[in-house]
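One structure below.
The values are calculated or read from the model by the stated rules, or taken from the named source; none is laboratory data. Just so it is clear, the model here is predicted, and its values are computed rather than measured. Virtual Cβ from ideal backbone geometry, glycine too; neighbours counted across all protein chains shown.
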Amino acid sequence: MILRFASCTLDLDRRTLMRTGQEVHVEPQVFDLIAYMAQSGGCVVSKDKLVEVVWKGLAVSDATISARISAARAAVGDSGKEQGILRTVPRRGFAFVAQLDQDARPAPAVMQPPDVSYALSSDGTAIAWSALGEGPPLVRIGHWLSHLEMDTQSALWGPLITRLAAGRRLIRYDLRGTGLSERDAALTGIDAFAEDLAAVADAAGLDRFDLFAASQAAPVAIRFAARWPDRVRRLVVVGGYVEGRVHRATAGEDLDEDTMLAMIRAGWGKADSPFMQAFATLFAPDATRAQRAELVAMQLSTASPERAVSLRKVIDRFDVRADLPKVRIPALIFHAAGDAIHPLSQGQKLAAHLPGAQFVQLDSRSHMLLPQDPAWSAMLDRTDAFLSG
């Protein structure tokens, strides 16, 4: 039997634990503890019950149990502070609180680093792209924090990539100026980003395809669909917007540009900086300790602080209000109710001005949806149904 939760896959038959596509070595008792807790149905399990099941009734100290719980948390990317998977219930025991999927399919193989190719955009900028899987084409538009090689091994993006590539040919690329794309590329405005998408689609041999757009990729998708209306079949947007931050009416629900840029300049890629604490709280408030560490590593690998500021200034000025009347494609718009980066009103505005668009408000406070969030699975389930329609 295969158990899947957060970014983990637990194979009970092979007794293996995979996290973000990589095998994690665990001691037999720790594996038994994880397996039992994952199958406990969310019920509180007492220490006595753990001793009975994991230690076969042998006398063990509380310190030994605590050590195995800590090892189990570390193995699945959890911690005593985060407790997003194994939660301590004071004076009662422990509960498995992650959403669980189970089936009898073989465990997925470790995802290998992708083969990277380059497409030349209309201004000569080299855009790194990669393809994964077989089936109808789906292009995941590049966004602020991506790196073609790191993403496949990441607890942040690895599970999403695996899911989007299931039964499809998934095309990904790094945003100009970031990741493996040309780092000193000109950041002239939204048209350049739409032309990057066109260049990647041409290089991949795509005529008509679906688009998956998160955050600032959403206005890029709208501009692309307005300029090349015959090339897009269906559009999925997660946490997107119509008007960049500087074009929006000032409201308490929106983070102003100066505050965002000041945070980036002060702490980009610094794990213990106040910026990283604020960044994680705003973008992914429920990220685990391991996922927050990946955010830091990804920042350092995708862009310099100066480039991150320059890019943020450009994408905060995207405005596709004039493009919306030109777009006539089926669209599925997701937006987290508590999104602190782009307010819910922006997702609603996008859906309202796209004829026939479906709007789904997600019960989440995260801008970056992560695998342990129930909204993540809900979003992908709806996406699969929509794209197969």
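Against the numbered list (1) at pLDDT below 95; (2) surrounded by 20 or more Cβ atoms within 10 Å (Cβ to Cβ), F318 comes up short only at (1). Could you count how many residues in the range 33-88 are part of a loop (DSSP other than H, G, I, E, B) and within 27 Å of L156 (Cα to Cα)? Here the count works out to 13. Within the range 89-101, one or more residues are of a type in the set (V, I, T), at pLDDT below 95 and outside any loop (DSSP other than H, G, I, E, B). Scan E306, E294 and give me the residue that is more than 24 Å from L187 (Cβ to Cβ), of a type in the set (D, E, K, R), in the same structural domain as D174 (by TED's automatic domain parsing) and part of a helix (DSSP H, G or I). Result of the check over E306, E294: E294. When G269 is tested against the conditions (1) within 22 Å of the chain's Cα centre (by Cα); (2) crowded, with 19+ Cβ neighbours inside 10 Å; (3) at negative phi, the lone failure is (3). Within this structure, Q29 fails the test of being under 26 Å from D151 (Cβ atoms) and either at pLDDT 90 or above or not hydroxyl-bearing (S, T, Y) (or both).
Criterion applied to E52, E23 was being charged (D, E, K, R), touching a strand residue (DSSP E or B) at 6+ places or on another chain (Cβ under 7 Å) and either buried (at least 16 other Cβ atoms within 10 Å of the Cβ) or on the phi < 0 side of the Ramachandran plot (or both), and the one residue passing it is E23.
Considering only residues that are part of a strand (DSSP E or B) and out of contact with any Asp or Glu (no Cβ under 8 Å at 6 or more places or on another chain), which ones fall in the range 312-335? Those that are part of a strand (DSSP E or B) and out of contact with any Asp or Glu (no Cβ under 8 Å at 6 or more places or on another chain): A331, L332, I333, F334, H335.
Being surrounded by 17 or more Cβ atoms within 10 Å (Cβ to Cβ) and out of contact with any helix residue (DSSP H, G or I) (no Cβ under 8 Å at 6 or more places or on another chain) holds for only one residue in Q277, Q291, and it is Q291. Has the range 257-267 got any residue that is among the charged types (D, E, K, R), out of contact with any His (no Cβ under 8 Å at 6 or more places or on another chain), farther than 28 Å from L148 by Cα and modelled with pLDDT under 85? Yes - at least one qualifying residue is present in the range 257-267.
Quick grid of which residues meet (1) buried (at least 21 other Cβ atoms within 10 Å of the Cβ); (2) over 18 Å from the mean Cα position of the chain (by Cα); (3) in a helix (DSSP H, G or I):
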residue	(1), (2), (3)
A218	yes, no, yes
A225	yes, yes, yes
P229	no, yes, no
G240	yes, no, no
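The residue of the range 146-163 that is farthest from D123 (Cα to Cα), among those that are among the hydrophobic types (A, V, I, L, M, F, W, C) and under 11 Å from the mean Cα position of the chain (by Cα), is A155. For the range 56-89, which residues satisfy the criterion of being more than 32 Å from the chain's Cα centre (by Cα) and exposed (fewer than 13 other Cβ atoms within 10 Å of the Cβ)? Hits for the range 56-89 are K56, G57, L58, A59, S61, D62, A63. Within the range 164-177, take every residue that is out of contact with any strand residue (DSSP E or B) (no Cβ under 8 Å at 6 or more places or on another chain) and more than 20 Å from G240 (Cα to Cα) and give me the one that is surrounded by the most Cβ atoms within 10 Å (Cβ to Cβ). Checking each candidate, the answer is G177.
Going by the conditions given, is R312 surrounded by fewer than 16 Cβ atoms within 10 Å (Cβ to Cβ), basic (K, R) and in contact (Cβ under 8 Å) with a residue 60 or more places away in the chain? The answer is no for R312.
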